[in-house]
Amino acid sequence: MRIAFYAPMKSPTHPMPSGDRRMAGLLVSALRRAGHEVSLASPLRSYDRTGDAHRQARIRRVAARVTQRYLARHHRHRPDLWFTYHVYHKAPDWIGPAVAERLAIPYVVADPIISPSQAGGPWALGFDAATAAIAKADRLIAFDPVDIPAVERLRKRDGSITPLAPFLDAPPPRSSRPALRAALAAAHGLDPDIPWLATVAMMRCDVKRESYRLLADALGRLRSKNWVLLIAGDGPARDEIEPLLHAAGRVVFLGRVADAEITDLYHAVDLAVWPALKEGYAMALVEAQACGLPVVAGFRPGIAQVVDDGQTGMLTPEGNGTAFAAAIDTLLDDRQALAAMANRTRCRAGRLGLDRAAQRLDTVLQAARAARPERRP
């Protein structure tokens, strides 16, 4: 199929790295792996962070012009299906539903999110648009189980929502673990004989900052232990976050790190740690698990799809710093248990692979196409 792909939250071509950009790119890769021809429909970002009604209205006007230009270019050579990733009140899809209706093609949404509390609030315009798009979609793909009940209440249709665990096409490390570890030790003056922890997350002034605060609090409880934390990430909250973590213990800030270097980092360290407050599935944890690295994280239903609690990592009650610190402490004290967990994680990493996701996505798309009779616009 010829698929028009759109990510209103963050295009796969956006210059700023994030989990959203990564998943958008992974979806494109998976669709192509399934044999489809994928083109980026538009790089337009509909995201409104602050709840500015004037900004939302302006984005809607711009999207209307983008829609008309797309229809003018593709009316004769239309795509077979429109695929939108991540639709919610802060980043609605103003383009896909209109194009799909005009061209008479199926409309599929991955990662639909409905927050009923936003109806009538600062994002009312975006909420109404996102809800309308989700209601019109021929098929939906949900990454986070938490999102499914609200979507089901809206649609009242059986069989149109397909759960899909997050996935990753993890490249191999560029060198052996001993070599990667030796390079990091030399670059940052680290002791290779103590446990190395890793955190990979942007430093934004939102729930990411709150997760960093909880992480600092938890590690502060373990100050007497031998460990070092390597952090890959940057952002506007860094000046606030750095002092908190430096006070907690031995921390190395790597700043913004390229994807290939992230893979090397995961293969060099012993444990990934991230509280994941209010996160759907945390792409950094998906990547850690795909690289065979155990994790300690806060429990979220989406994360539980990726981390097998007690087998490939430890999940603690969300927001509970005491429990989070205790889980890390347990693995720091029992290096044999940590090594066994790493072995299990490596053995199960294939379940997060691109091939399995490609097959499942293809099934959804074929069903969407089959359910809509062929008709010319």
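Selection within region 209-234: residues that are part of a loop (DSSP other than H, G, I, E, B) and crowded, with 19+ Cβ neighbours inside 10 Å. The member of this set that is nearest to the chain's Cα centre (by Cα) is Gly233. Confirm whether Ala63 is crowded, with 18+ Cβ neighbours inside 10 Å, among the hydrophobic types (A, V, I, L, M, F, W, C), farther than 28 Å from Gln366 by Cβ and without any contact (Cβ under 8 Å) to a residue 40 or more places away in the chain. Yes; evaluated as a whole, the condition is true for this residue.
Checking the structure you have, find out if any residue of region 144-164 is in contact with a Leu (Cβ under 9 Å, 6 or more places away or on another chain) and touching a residue at least 60 places away in the same chain (Cβ under 8 Å). Yes, some residue in region 144-164 is in contact with a Leu (Cβ under 9 Å, 6 or more places away or on another chain) and touching a residue at least 60 places away in the same chain (Cβ under 8 Å). Just to be sure before I move on: is Ala358 without any contact (Cβ under 8 Å) to a residue 12 or more places away in the chain and over 16 Å from Leu140 (Cβ atoms) in the structure I sent? So Ala358 does not fit the description; no.
Could you tell me which of the residues Leu184, Leu197 is part of a helix (DSSP H, G or I) and touching a residue at least 60 places away in the same chain (Cβ under 8 Å)? The unique qualifying residue is Leu184. Any residue at all in region 90-97 that's over 21 Å from Ile141 (Cα atoms), buried (at least 21 other Cβ atoms within 10 Å of the Cβ) and within 19 Å of the chain's Cα centre (by Cα)? No: zero hits. Scanning region 235-268 for residues that are surrounded by 17 or more Cβ atoms within 10 Å (Cβ to Cβ), in a loop (DSSP other than H, G, I, E, B) and not aliphatic (A, V, I, L, M) turns up Gly235, Gly249, Arg250. Restricting Ala150, Ala135, Ala130, Ala98 to those that are touching a Pro at 6+ places or on another chain (Cβ under 6 Å) and assigned to a helix (DSSP H, G or I) reduces the list to Ala130.
Every residue, every condition in (1) of a type in the set (A, V, I, L, M, F, W, C); (2) more than 17 Å from Met283 (Cα to Cα); (3) out of contact with any helix residue (DSSP H, G or I) (no Cβ under 9 Å at 6 or more places or on another chain), yes or no:
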{"residue": "Gly19", "(1), (2), (3)": "no, no, no"}
{"residue": "His36", "(1), (2), (3)": "no, yes, no"}
{"residue": "Ala41", "(1), (2), (3)": "yes, yes, no"}
{"residue": "Arg45", "(1), (2), (3)": "no, yes, no"}
{"residue": "Ile59", "(1), (2), (3)": "yes, yes, no"}
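Scanning region 66-81 for residues that are surrounded by fewer than 11 Cβ atoms within 10 Å (Cβ to Cβ) and of a type outside the set (D, E, K, R) yields a count of 2.
Consider only pairs whose beta carbons are under 6 Å apart and that are at least six residues apart or on different chains; among these, list those whose first residue lies in region 222-244 and is closer than 18 Å to Ala187 by Cβ and whose second residue is surrounded by 13 or more Cβ atoms within 10 Å (Cβ to Cβ) and among the polar types (S, T, N, Q). Pairs found: Ile231/Thr199. Taking the conditions (1) within 11 Å of Tyr85 (Cβ to Cβ); (2) assigned to a strand (DSSP E or B); (3) not hydroxyl-bearing (Ser, Thr, Tyr) in turn, Pro12 satisfies each one other than (2). When region 33-51 is filtered for residues that are surrounded by 13 or more Cβ atoms within 10 Å (Cβ to Cβ) and either in a loop (DSSP other than H, G, I, E, B) or not assigned by TED's automatic domain parsing to the domain that holds Leu125 (or both), the ones remaining, listed by number, are Ala34, His36, Pro43, Leu44, Arg45, Ser46, Tyr47, Asp48, Gly51. Pull up region 8-32, narrow it to residues that are touching a Ser or Thr at 6+ places or on another chain (Cβ under 7 Å) and closer than 27 Å to Ala104 by Cβ, then point me to the one that is surrounded by the most Cβ atoms within 10 Å (Cβ to Cβ). It comes out as Pro8. When the criteria are applied in full, Ala187 fails the requirement of being in contact with a Cys (Cβ under 7 Å, 6 or more places away or on another chain), farther than 24 Å from Val307 by Cα and not β-branched (Val, Ile, Thr).
The values are calculated or read from the model by the stated rules, or taken from the named source; none is laboratory data. Just so we're clear, the structure is a prediction, and the values are computed from it rather than from any experiment. Cβ: placed from backbone, ideal geometry, glycine included. Neighbour counts: every protein chain shown.
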